[in-house]
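Scroll down for the structure; my scribbles are underneath it.
The values are calculated or read from the model by the stated rules, or taken from the named source; none is laboratory data. This one's a predicted model, so the numbers in the text were calculated from it and none came from an experiment. Note that we place each Cβ from the backbone using ideal geometry, even for glycine, and neighbour counts take in every protein chain shown. Surface areas here come from the heavy atoms of the whole protein model, side chains and all, with no ligands, DNA or RNA. Shrake-Rupley method; radii C 1.70, N 1.55, O 1.52, S 1.80 Å.
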2 protein chains.
Amino acid sequence: MNSLEEVEDFVRNGHRHYLPHLSIDPVIFGYHDQQLKILLLNWKGLNGWGLPGGFIQRREPLSQAAHRILQERTGLENVFLQQFHTFGDSPYRLQERNPREFFEKYGVDMGEDNWLFERTLSVGYFALVDYSKVNVRTDFFTQNYQWCDVKEIPSLLFDHNEAVDKALATLRLQIYHQPIGYKLLPEKFTLPEIHTLYETILGKELDPRNFAKKLVALGLIKKLAEQRAIGPHRSPYLYQFEKETYEDALKQGIVHTY
Amino acid sequence: MNSLEEVEDFVRNGHRHYLPHLSIDPVIFGYHDQQLKILLLNWKGLNGWGLPGGFIQRREPLSQAAHRILQERTGLENVFLQQFHTFGDSPYRLQERNPREFFEKYGVDMGEDNWLFERTLSVGYFALVDYSKVNVRTDFFTQNYQWCDVKEIPSLLFDHNEAVDKALATLRLQIYHQPIGYKLLPEKFTLPEIHTLYETILGKELDPRNFAKKLVALGLIKKLAEQRAIGPHRSPYLYQFEKETYEDALKQGIVHTY
DNA sequence: TCAAAAGTGTTAAGAATACACCCATGC
DNA sequence: GCATGGGTGTATTCTTAACACTTTTGA
């Protein structure tokens, strides 16, 4: 949706293709270089940062819509993506919207009862990706983006701060029940790498000895014979996820701490 | 909604009051006499059992809608009610609905593009109530109801089995993170009572000694000096919830097992 | 005195925590 | 040889799990 024509078509005819009253605003967590960030877009007409978003096609399964929207924004497929809450309580989710000014800036005539003005609830999904592999695609409405560290989230548009907070809380609770990291680390990784990943996501320090013991005891990772040269330091061993144990844990859940 | 006039008004004008495409179908867990049941309604025209349901008013916060729908069905207020998932993937949630036959049975002329025919996603909430305190209110569409033991759930209409399964799984996971029981037991209760409650919800046996130790160690309940006479058996002591600890645990969460 | 249900304590195993030193590497 | 980061083990504490007999009560 980059040209004015496409936008006009979306505004006028979108209600034929998409369900009104519902959107999906994914919280995309990106991990790279020991940092956990989320993808924010600058919505031009609103002059503020917010989550990406999209609508559900009329005949499209909900979870497929979430994957599609993610794919359109990041180019990524096969992503860890999880529904965590549906938002419909905040004042912004109560009122009929007033994006009129917003659209008028672009000279699109919307009429009085355009579908985009109606009250819209949001189904919240979060994704966990390696942000160095992402090609963010902006469009007519969003020409800037940033990967913003989770420790420095600014005040966001709408109720998006609430969504980010809840997504992060869910992710942090989840990590005690399900393994993560498969898609965020290279196939072979070092203990310090996965250690930092967990520390970064949980936002707190984890004892490296206990952490390694735990992951090995759970059978989630196994040590390989190979090492990696990392310059003027001792070479760390490489590890791999134990795929079977990992997927079992994903499905059945585990209860423990780190 | 008991008379034909009300129904006709709902069918023809409901879209002015309610959001289309979205419903709330609460899974109402009722506990009483050491049994965990859910409320099922018999939808007359569909000849099958399903969950109660309702729509969201256009200007009504989502969680308030859930409470209202529950209140309308059960008369209960101030209930433990929790959102657990939004359903939009099953075949039933994909198609435009075809309740035409259903309504035609009642002689309501709906027209071709009635709002009730459209695809409808469902925001799932579950509630936990004492079913002996419930006055189920049926209406024009639902004149029978039953409290059905969770171990004997029949095949339900639409995707409601999926909703029940997921609600139960969520409740069982939740019980390891948050206390429950405040609204399900009398103010003063015995250890066997709360013990059975937890066993019933989890669907498995819990060692009575360890269980009692745990609840007391967590500071959730305290022993009173009083006992209750229960006939030709030893009189059990009464306990009370420690309100402060209980509410802290509700808000902040706990991680443990039973 | 009997039947039914309640109450209670200890031990062993496992898990979590805390903690500090040596090792390997490249410059 | 030195700076940097990686690797590893043990002791303590706490938590969980397993387990069986005695007490109370009213009939």
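Observations, loosely collected:
- Accessible surface of B:Y176, taken over heavy atoms with a 1.4 Å probe and every protein chain present, rounds to 40 Å².
- Solvent-accessible surface (1.4 angstrom probe) belonging to A:K133, in square angstrom, nearest 10: 130 Å²
- With one equal scatterer per alpha carbon and no solvent term, the Debye-computed log10 I(q)/I(0) for the protein assembly as shown at 0.07, 0.08, 0.11, 0.13 1/Å reads -0.47, -0.62, -1.10, -1.37.
- Computed from point charges on the beta carbon alone (+1 for Lys and Arg, -1 for Asp and Glu), the dipole magnitude for the stretch A:4-162 about its Cα centre is near 280 Debye.
- Net charge in the neighbourhood of B:L4 (other residues with Cβ under 15 Å of its Cβ; Lys, Arg +1, Asp, Glu -1) is -4.
- Length added when fully stretched, A:N144-A:H15, from 0.36 nm per residue minus Cα-Cα: 43.8 nm
- Residues of the stretch B:158-178 that lose at least 20 Å² of accessible area (1.4 Å probe, protein heavy atoms only) when the other protein chains are present, relative to their chain alone, are B:L173, B:H177.
- Rolling a 1.4 Å probe across the protein heavy atoms gives chain B an accessible surface of 48 Å² per residue.
- B:R228 paired with A:K223, simple spin-label distance in nm, labels 7 Å along Cα-to-beta-carbon: 5.6 nm
- Label 7 Å beyond Cα on the Cβ vector: A:G75 copy-to-copy distances, nm: 6.3
- Across the identical copies, how the A:E6 labels are spaced - nm, sorted shortest first, 7 Å along Cα→Cβ: 5.0
- Carbon plus sulfur fraction of accessible area for the stretch B:189-252, probe 1.4 Å, in percent: 49 percent
- Summed buried accessible surface, chains A and B, 1.4 Å probe, nearest 100 Å²: 2300 Å²
- With 20 Å as the limit on Cα-Cα distance, the pairs of B:K37/B:K251; A:K183/A:K222; B:K37/B:K183 that go past it are B:K37/B:K251.
- Overall form of the stretch B:39-96 per C-alpha gyration tensor (a/c, 1.5; a/b vs b/c): oblate
- Neighbours of B:H17 by Cβ distance under 13 Å: Lys/Arg scored +1, Asp/Glu scored -1, total +3.
- Here the translational diffusion coefficient of the stretch B:189-252 follows from Stokes-Einstein with Rh set to the Kirkwood radius across Cα pairs; for 10 °C and 1.306 mPa s it amounts to 125 µm²/s.
- Per-q log10 I(q)/I(0), the stretch A:4-162, q = 0.10, 0.16, 0.19 Å⁻¹ (Debye; single scatterer per alpha-carbon; no solvent): -0.35, -0.95, -1.37
- GluC sites (Glu not before Pro), loop per DSSP, at most 12 other Cβ atoms within 10 Å - longest free stretch of chain A: A:1-76
- The stretch B:181-258 and the stretch B:109-143 have their alpha-carbon centroids 34 Å apart.
- In nanometers and ordered shortest first, the copy-to-copy spacing of the B:K166 label point, defined 7 Å from Cα toward Cβ, is 1.4.
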